[in-house]
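Engineer: Here you go, one structure.
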Amino acid sequence: MATRKRTVKQTALDRELRGHLLRLDRLDHALRSEWTATEFKDRALERKLTALTTAGIAWLRDVIQEHGWPGHTLVGRAAAAAACRLVLHAECSLTFHRQCLRRLQDAAAQGEVPLQQVAYLTDVVRMRAGKKQLYGTKFRKVKGELVPYPIEKADAVDARRKQMELPSLRTYARRLQRRYLPS
């Protein structure tokens with residue numbers, strides 16, 4: 001009987017976790033948008049964002065420990081995406097990022113999160129480990145243009161992106177350009 005309750009609990013949508021993830025995401029988005037608009041120069045906004053992310057990651061560690069990766073079944077699609085964004089933006093340990101990547105890969109294999117999220121976190125982990133990114137998800141501004149950070153075997157990046165259900169690098173770059181450097 002106890003096992004049945006545990007299984008039901010794990011597969012039921014957890015509205016409290018969902019609500020918390022969505023609130024964190026809204027706050028993060030608002031602060032990050034303001035900070036981006038200052039071209040990352042407003043140190044007060046940066047401190048607020050860092051404090052929010054640090055608290056969010058501490059909370060998420062506990063959630064992951066208790067429930068595993070918060071995927072669609074546990075928290076819904078929007079909140080599952082918010083959990084991934086929180087980890088992507090976090091200035092946490094590389095060890096924790098790697099643990100999250102393993103959990104995210106497992107969740108993707110079970111259909112609990114989209115493959116794209118695995119690609120984004122893979123690139124974060126690789127770059128933090130001093131390696132080139134695989135999927136070209138991370139860009140930087142160089143002489144007024146957005147360019148991808150170095151990509152391993154760049155000639156095969158679009159094939160890898162396709163496997164992860166991502167658009168071509170060229171299409172993605174155009175989207176980023178329109179969003180962050182509108183003319």
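The values are calculated or read from the model by the stated rules, or taken from the named source; none is laboratory data. Everything numeric in this text was worked out from a predicted model, so none of it was measured. Because the Cβ atoms are built from the backbone with ideal geometry, glycine has one as well, and the counts that use them run over all protein chains shown. Side chains are part of the model used for accessible areas, which takes the heavy atoms of the whole protein and leaves out ligands, DNA and RNA. Shrake-Rupley method; radii C 1.70, N 1.55, O 1.52, S 1.80 Å.
Engineer: Between residue 174 and residue 94, 0.36 nm times their residue separation minus their Cα-Cα distance comes to what?
Structural biologist: Separation in residues times 0.36 nm, less the Cα-Cα distance, equals 25.8 nm.
Engineer: Follow-up. Helix 77-89 versus the longest principal axis of the chain: what angle, 0 to 90°, nearest 10, using Cα atoms?
Structural biologist: 60 degrees
Engineer: Turning to a different aspect of this structure: Most fluctuating residue of 116, 105, 65 in a GNM of the chain with Cα springs under 10 Å: which is it?
Structural biologist: Of the options given, 65 has the highest mean-square fluctuation.
Engineer: Given a 10 angstrom Cα cut-off, can you work out which residue in 83, 107, 173 is the most mobile in a GNM of the chain?
Structural biologist: Checking each option, the largest mean-square fluctuation is seen for 173.
Engineer: Quick one: angle between helix 169-180 and the longest Cα principal axis of the chain, in degrees between 0 and 90, rounded to 10, please.
Structural biologist: Tilt of helix 169-180: around 90 degrees.
Engineer: What is the packing order of peptides 90-101, 34-45, taking the mean over residues of other C-beta atoms within 10 Å and listing the highest first? Can you show the working numbers first?
Structural biologist: On the way: 90-101: 15.4, 34-45: 12.4.
The most tightly packed comes first, giving 90-101, 34-45.
Engineer: About the Cα centre, and with charges only on the beta carbon of Lys, Arg (+1) and Asp, Glu (-1), how big is the dipole of the chain? Nearest 20 debye, please.
Structural biologist: Working: 36 positive and 19 negative charges, 46 e Å.
With Lys and Arg at +1 and Asp and Glu at -1, about 220 debye.
Engineer: Here's something else I'd like to know. May I ask you to list the residues of region 143-183 whose amide nitrogen lies under 12 Å from a point 7 Å from Cα along the Cα→beta-carbon direction of residue 39?
Structural biologist: 143-145
Engineer: At a Förster radius of 41 Å, what calculated FRET efficiency corresponds to the Cβ-Cβ distance of residue 66 and residue 162, to the nearest 0.05?
Structural biologist: 0.70
Engineer: Hey, what's the per residue convex hull volume over the C-alpha atoms of the chain, in cubic angstrom?
Structural biologist: Expressed per residue, the convex hull around the Cα atoms of the chain is 125 Å³.
Engineer: Using the alpha-carbon atoms, what tilt in degrees (0 to 90, nearest 10) does helix 115-128 show relative to the longest principal axis of the chain?
Structural biologist: For 115-128 against the chain, the angle is about 60 degrees.
Engineer: Return the single residue from 60, 27, 86 with maximal mean-square fluctuation; model: Gaussian network over the chain, springs between Cα atoms under 10 Å.
Structural biologist: Between 60, 27, 86, it is 27 that shows the largest mean-square fluctuation.
Engineer: Which number gives the lysine pairs in the chain that have C-alpha atoms under 22 Å apart and are eight or more places apart or on different chains?
Structural biologist: Close lysine pairs found across the chain: 14.
Engineer: Would you work out if region 140-183 is rounded, prolate or oblate? Take a ≥ b ≥ c from the square roots of the eigenvalues of the alpha-carbon gyration tensor; rounded if a/c is under 1.5, else prolate when a/b is larger than b/c, oblate otherwise.
Structural biologist: Verdict is oblate for region 140-183.
Engineer: How large is log10 of I(q)/I(0) for region 8-109 at q = 0.12, 0.13, 0.17, 0.25 Å⁻¹ when the intensity is taken from the Debye formula with one equal scatterer per alpha-carbon?
Structural biologist: The computed values of log10 I(q)/I(0) come out as -0.40, -0.46, -0.76, -1.37.
Engineer: Can you give me the % of accessible surface on the chain that is carbon or sulfur? Probe 1.4 Å, all protein chains present, nothing else counted.
Structural biologist: Result for the chain: 52 percent of the exposed heavy-atom area is carbon or sulfur.
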